[in-house]
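J.: Right, I'll just put the structure down here and ask away after.
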Amino acid sequence: MRGTFVSFGNASGKLEPLDVGKLIAPKGLFLTRPSIAHYTATRGELDEAASKLFEMIKSKKVIVELFKKYSLNEVIQAHKDLEGRKIIGPAIITT
């Protein structure tokens, strides 16, 4: 009741049509589909947001936990894992 229904990304495909009268209205939900483009419309806003995020990462207010590290010679496997939807978090390729 009185919550927020948030739809992020399309990794699992498009949302099915919602019956607002049946699913949203009875619970007083707020439905949103945010996009970074809505919050960073200009290059200056994007740069400011990126600077704030990286500062929060440096100060450990935001902790990024890597799902997997791949070495450069594992790049083919990294692509296969990505395409096979085996990567379920941040992954990086290292040299």
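The values are calculated or read from the model by the stated rules, or taken from the named source; none is laboratory data. Because the structure is predicted, anything quoted here is derived from the model rather than measured. Methodologically, a virtual Cβ is constructed for each residue, glycine included, from the backbone with ideal geometry; neighbour enumeration extends over all protein chains shown.
J.: Please go through (1) surrounded by 10 or more Cβ atoms within 10 Å (Cβ to Cβ); (2) of a type in the set (A, V, I, L, M); (3) more than 17 Å from the chain's Cα centre (by Cα) for Met1 and return the number of the only condition it doesn't satisfy.
T.: Status for Met1: all satisfied but (1).
J.: Is there any pair with a first residue in region 61-76 that is without any contact (Cβ under 8 Å) to a residue 12 or more places away in the chain and a second that is of a type outside the set (A, V, I, L, M, F, W, C) whose Cβ atoms are under 9 Å apart and which are 6 or more apart or on different chains, and what are they?
T.: Lys61/Glu55
J.: Residue under question is Ala11, and the condition is that it be farther than 23 Å from Leu53 by Cα, among the aliphatic types (A, V, I, L, M) and under 13 Å from the mean Cα position of the chain (by Cα); does it hold?
T.: Numbers: farther than 23 Å from Leu53 by Cα: yes; among the aliphatic types (A, V, I, L, M): yes; under 13 Å from the mean Cα position of the chain (by Cα): yes.
Answer is yes for this residue.
J.: Residue check, Thr40 against (1) in contact with a helix residue (DSSP H, G or I) (Cβ under 7 Å, 6 or more places away or on another chain); (2) touching a residue at least 24 places away in the same chain (Cβ under 8 Å), all met but one. Which one?
T.: With respect to (1) in contact with a helix residue (DSSP H, G or I) (Cβ under 7 Å, 6 or more places away or on another chain); (2) touching a residue at least 24 places away in the same chain (Cβ under 8 Å), Thr40 is out only on (2).
J.: List pairs: first in region 11-35 and of a type in the set (Phe, Trp, Tyr), second not in a helix (DSSP H, G or I), Cβ under 6 Å, 6+ apart or cross-chain?
T.: Close Cβ pairs (under 6 Å, with a partner that is not in a helix (DSSP H, G or I)) amount to Phe30/Thr4.
J.: Given the structure, is Thr40 modelled with pLDDT of 90 or more, of a type in the set (Val, Ile, Thr) and surrounded by 10 or more Cβ atoms within 10 Å (Cβ to Cβ)?
T.: In short, yes.
J.: Which of the following residues is modelled with pLDDT of 95 or more and not in a helix (DSSP H, G or I): Lys14, Lys69, Lys52, Lys80?
T.: Criteria check complete, one pass: Lys69.
J.: Of everything in region 83-95 that's small (Gly, Ala, Ser) and under 17 Å from the mean Cα position of the chain (by Cα), which residue is modelled with the lowest pLDDT? Lay out the reasoning, then the answer.
T.: The initial filter retains those residues of region 83-95 that are small (Gly, Ala, Ser), namely 84, 89, 91.
Then drop every residue that is not under 17 Å from the mean Cα position of the chain (by Cα), which leaves 89, 91.
On the way: Gly89: 91, Ala91: 96.
Only one residue tops the list, namely Gly89.
J.: Sticking with this one: (1) of a type in the set (A, V, I, L, M); (2) without any contact (Cβ under 8 Å) to a residue 12 or more places away in the chain; (3) in contact with a strand residue (DSSP E or B) (Cβ under 6 Å, 6 or more places away or on another chain): which one isn't true of Met56, the others all being true?
T.: (3)
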